[in-house]
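What follows is one structure encoded as structure tokens, with my remarks underneath.
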Amino acid sequence: MRAIQKLHRNGSSTIVTIPRPVMMALDWLPGQVVIVEVLEDRSLRVRVPTTADLSPIKPPRFMLDDAPAVKA
């Protein structure tokens, strides 16, 4: 499926709209999170993020509590 679209200005960004038939074919919904990638051949890829794209939740480096300081 192909669609010819124009780039439009939206404030300091430029947007391209995804036609409704394309959205329906992809089962995408407005407001859905997507990843936009520029490939080595200077083409653009828009895709749904995978679990590999999401950074793992890291524990904090240290925890603060109400315990008194202990001398070494």
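Every read-out reported here was derived from the displayed coordinates using simple, explicitly stated rules and does not represent laboratory data. Quick caveat, the model's predicted, so the values are computed rather than measured. As a convention, Cβ positions derive from the backbone with ideal geometry for all residues, glycine included, and neighbour counts pool all protein chains shown.
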remark   = Expressed in nanometres to one decimal, the distance between label points 7 Å along Cα→Cβ at R45 and V16 is 1.4 nm
ask   = Where a ≥ b ≥ c are the square roots of the eigenvalues of the C-alpha gyration tensor, would you call region 8-51 rounded, which needs a/c under 1.5, or, failing that, prolate if a/b is larger than b/c, or oblate?
value = oblate
key: Relative contact order [Cα under 8 Å, 6+ residues apart], region 8-51, whole percent   = 23 percent
note = A correct fewest-to-most ranking of V33, V48 by other Cβ atoms within 10 Å would be V33, V48
message = Output wanted: per-residue J couplings in Hz (rounded whole) for region 29-40, from phi through Karplus 6.51 cos²θ - 1.76 cosθ + 1.60, θ = phi - 60°, x for Gly and Pro.
response = 10, x, x, 5, 7, 9, 10, 10, 10, 9, 8, 4
note = Residues T14, T51 in order from fewest to most other beta-carbon atoms within 10 Å are T51, T14
